[in-house]
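Participant: Dropping the structure in here first, questions after.
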Amino acid sequence: MPRLGTSVNRKQHRKHRMLRDFVVQTPGTAHAVEIKRRKLIGREVETEVEENIRRLKVRRGISVRPVLVYDGELYPQLSGSGYFAAILDAATLIGK
C-alpha cells in the first residue's frame, strides 16, 4: 500500500515556499508531487523541484520521481522536456 506524507517544513516555509506538496511512496519509488496554480507555468518549476528533491531525505535504494499537477497554462517546452515522470492537469483529475 502506498504511503502518503506531507512535506512542508514550517521553518523554511516562512523563508521561501516549499514546492514539494506531498510525497507518495511505493516499495521502490518516492513520487514527489508538486502542485502549481498559475496563469503560466514556466521552466523554472523544474529547477525549483530539482532543488527540493535534492533536499529530500530518502532511504538508500529509493528512486525519487518528480510529478507535476497543474492548474493553468504550461510553457510549451515544459511538457516535452522529459524531466517530470508525469504531468497532470488538475481539471482532468477532478473530472471538470
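No value in this document is a laboratory result; all are computed from the given coordinates. Quick caveat: nothing in here was measured; it's all calculated off a predicted structure. Here the Cβ is made from the backbone with ideal geometry for all residues, glycine too, and neighbour counts use every protein chain on show.
Participant: Find the residue count for the range 33-74, including only residues that are of a type in the set (A, V, I, L, M, F, W, C) and loosely packed, with under 11 Cβ neighbours inside 10 Å.
Facilitator: Taking the range 33-74 first, the residues of a type in the set (A, V, I, L, M, F, W, C) are 33, 35, 40-41, 45, 49, 53, 56, 58, 62, 64, 67-69, 74.
Filter again for loosely packed, with under 11 Cβ neighbours inside 10 Å, leaving 40.
Residues that pass the stated criteria total 1.
Participant: Consider the range 82-96. How many of its residues are without any contact (Cβ under 8 Å) to a residue 12 or more places away in the chain and not hydroxyl-bearing (Ser, Thr, Tyr)?
Facilitator: Residues flagged as without any contact (Cβ under 8 Å) to a residue 12 or more places away in the chain and not hydroxyl-bearing (Ser, Thr, Tyr) within the range 82-96 amount to 4.
Participant: Quick one: in the range 75-96, which of the residues that are touching a helix residue (DSSP H, G or I) at 6+ places or on another chain (Cβ under 9 Å) and farther than 16 Å from Phe22 by Cβ is surrounded by the fewest Cβ atoms within 10 Å (Cβ to Cβ)?
Facilitator: The selected residue is Lys96.
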